[in-house]
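Visitor: Here it is, the structure, as structure tokens.
What follows is calculated from the coordinates using simple rules that are stated; it is not laboratory data. Because the structure is a prediction, the values reported are computed rather than measured. Positions of Cβ are backbone-derived with ideal geometry, glycine not excepted, and every protein chain shown enters the neighbour counts.
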Amino acid sequence: MENDQRFADFVLLQAQNAGMFLGKVPNPVSGKMEVNGKAARSVLDSLEMLELKTTGNRTPEEDKLLQTALLNIRTLYSAVETQESNDTDQN
């Protein structure tokens, strides 16, 4: 099986979007760091669906890229959820 650059490009684009929605990458329009948990969850859900639907059809390199992106996004998303929960508890 051969690597498909479109797969890598898609995963990287989604990871960048998740980074922006999780406040780790500045919004290209406003230039500000913003958190949008709902949009980040949507990106994570999409990548998890991609993982499920492409099982057995990814090269080892594609699998490593996807698994790394998922791990990083899940970690960041969890931290944002924890922070939002703490902020809600303090109000």
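Visitor: Checking Val43 against (1) without any contact (Cβ under 8 Å) to a residue 40 or more places away in the chain; (2) in contact with a strand residue (DSSP E or B) (Cβ under 7 Å, 6 or more places away or on another chain); (3) of a type in the set (Val, Ile, Thr), only one condition comes out false. Which one?
Guide: In the conditions (1) without any contact (Cβ under 8 Å) to a residue 40 or more places away in the chain; (2) in contact with a strand residue (DSSP E or B) (Cβ under 7 Å, 6 or more places away or on another chain); (3) of a type in the set (Val, Ile, Thr), Val43 misses (2) alone.
Visitor: Taking the residues in segment 1-35 that are among the acidic types (Asp, Glu) and within 17 Å of the chain's Cα centre (by Cα) as candidates, determine which candidate is farthest from Leu66 (Cα to Cα).
Guide: Only one residue fits best here, namely Glu34.
Visitor: Where residues in segment 58-75 are charged (D, E, K, R) and surrounded by fewer than 14 Cβ atoms within 10 Å (Cβ to Cβ), which of them is nearest to Gly37 (Cα to Cα)?
Guide: Ranking the candidates gives Lys64 first.
Visitor: In segment 17-54, what residues are among the acidic types (Asp, Glu) and more than 21 Å from Asp87 (Cα to Cα)?
Guide: Asp45, Glu48, Glu51, listed by residue number.
Visitor: Kindly indicate which of Gln83, Gln16, Gln90 is in contact with a strand residue (DSSP E or B) (Cβ under 9 Å, 6 or more places away or on another chain), free of Cβ contacts under 8 Å to residues at least 12 places away in the same chain and either surrounded by 12 or more Cβ atoms within 10 Å (Cβ to Cβ) or not charged (D, E, K, R) (or both).
Guide: Gln83
Visitor: If I ask for residues that are surrounded by 14 or more Cβ atoms within 10 Å (Cβ to Cβ) and farther than 20 Å from Gln67 by Cβ, which ones from segment 36-57 would you list?
Guide: Scanning segment 36-57 gives Asn36, Gly37, Ala39.
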